[in-house]
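Notes for the one structure printed next.
The values are calculated or read from the model by the stated rules, or taken from the named source; none is laboratory data. Because the structure is predicted, anything quoted here is derived from the model rather than measured. Neighbour counts run over all protein chains shown; Cβ positions are idealised from the backbone, glycine included. Note: accessible area is taken over every heavy atom of the protein model, side chains too, but ligands, DNA and RNA are not part of it. Shrake-Rupley method; radii C 1.70, N 1.55, O 1.52, S 1.80 Å.
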Amino acid sequence: MAAETWMIIRRAGLVFMIISLSTLLLYNPSGPLRFFRLSSSCSRSLSLQPLPPKAVVRLNSILKRASMKNNNTVVLTTLNSAWATPNSVLDLFLASFKLGNGTRRFLRHLVIIAMDEKAYNRCRAVHRHCFALRTHGVDFRQEAYFMTPNYLKMTWRRIEFLGIVLQLGYGFIFTDADVMWFRDPFTRFFPDADFQMACDYYKGSPDDMENNANGGFNYVKSNNRTIEFYKFWFSSRETYPKHHDQHVLDKIKSHPYVSEKLRLRIKFLDTAYFGGLCEPSRDLNKVCTMHANCCYGMLNKLHDMKIMLQDWRTFNSLPSKHRNVSIFTWRVPRYCR
């Protein structure tokens, strides 16, 4: 009887030790795991594949090096090997920062999230800040065609990842790699908004919830409202199965939980400054970014993105007095019609 009692005491002591060490690791108030572990414990059943602790530490280190010191913000994009090959989307994307007015400095703050090993290796060859976001059992190497299963998995993996970035305490500008950067976007952001997003079609007011939002370019501050919003957004994929992140956003952006409980301050960005092939920015004196949206097929995107860069070079070669009164406009869309 004494031996059985002693065995029960030893097992109880072992369980207590494991629980104590786990609590110390997960809820240590210092260190990068704090935000991630607290939130993931609430939504573990909803997660596609949360990051392992070592990956969170590595991610936090990269974000810290890349962040803008005045506002703890980074620029993020995701990339797979289909878009990372030489002379492909990635090269045009990086070229736009170098050709834009006052945009080269943002390359210091750009973190490229590679979705597969080839994309990661290519990133390491051409850029400073790269993070490998691995998803076991999913092949993200090929071009993910719109609304295919891999496309949906990729979009939701992105939302999950961006939520982790917010929980680590970093705000971000997320930009698709087919967005061309021509001017500093901060000059056109709303200072009082938590979450602001570009549009395929802009209806005239930044507060109009009927704007056709586009998830390919957005600026999000890290605070309790945005962290909880990204949790809600990610979990809503189960409420609206077989929908991608942008369709689900359209469903939830006016939800009482978002507008009344979280009081998330949402703004939509004018296509006059943040345009795309759906609705181009007509005045090149104002444009900040141009997105190769409303376009299917990588070759079509590449063709029209190259024209965008050519048009931008031509515009900037004009004498300043002619640029200010120029009626010069984009020659796109062409192949993306």
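A few points about this structure:
- Just one residue in the set K251, K261, K242 is over 21 Å from L94 (Cα atoms), among the basic types (K, R) and in contact with a Phe, Trp or Tyr (Cβ under 8 Å, 6 or more places away or on another chain); that residue is K251.
- Test: residue in the stretch 287-304 that is more than 24 Å from S205 (Cβ to Cβ), surrounded by 15 or more Cβ atoms within 10 Å (Cβ to Cβ) and basic (K, R): yes
- Annotation: L249 fulfils all but one of (1) open to solvent by 10 Å² or more (accessible area, probe 1.4 Å); (2) assigned to a helix (DSSP H, G or I); (3) within 21 Å of Y201 (Cβ to Cβ); the unmet one is (1).
- Pairing residues of the stretch 244-262 that are farther than 11 Å from N212 by Cα with residues that are open to solvent by less than 60 Å² (accessible area, probe 1.4 Å) and basic (K, R), at Cβ distances under 8 Å and at least 6 apart in sequence or on separate chains, gives D245/R158; D245/R237; V248/R237.
- The residue list L318, L262 contains one member that is at pLDDT below 95, among the hydrophobic types (A, V, I, L, M, F, W, C) and either in contact with a strand residue (DSSP E or B) (Cβ under 9 Å, 6 or more places away or on another chain) or open to solvent by less than 70 Å² (accessible area, probe 1.4 Å) (or both), which is L318.
- Matching residues, the stretch 70-109, being closer than 17 Å to C288 by Cβ, among the small types (G, A, S) and open to solvent by 10 Å² or more (accessible area, probe 1.4 Å): A95, G100, G102
- Residue in the stretch 51-69 that is within 22 Å of D116 (Cβ to Cβ), modelled with pLDDT of 50 or more and charged (D, E, K, R) present: yes
- Residue selected from the stretch 115-147 under the condition at pLDDT below 90 and polar (S, T, N, Q), by the criterion farthest from the chain's Cα centre (by Cα): Q142
- Residue within the stretch 214-236 that is open to solvent by 70 Å² or more (accessible area, probe 1.4 Å) and β-branched (V, I, T) present: no
- When residues in the stretch 282-300 are screened for being assigned to a loop (DSSP other than H, G, I, E, B) and either more than 18 Å from the chain's Cα centre (by Cα) or among the polar types (S, T, N, Q) (or both), 11 of them pass.
- All told, E279 meets the bar of being in a loop (DSSP other than H, G, I, E, B), open to solvent by 40 Å² or more (accessible area, probe 1.4 Å), within 18 Å of A198 (Cβ to Cβ) and out of contact with any Lys or Arg (no Cβ under 9 Å at 6 or more places or on another chain).
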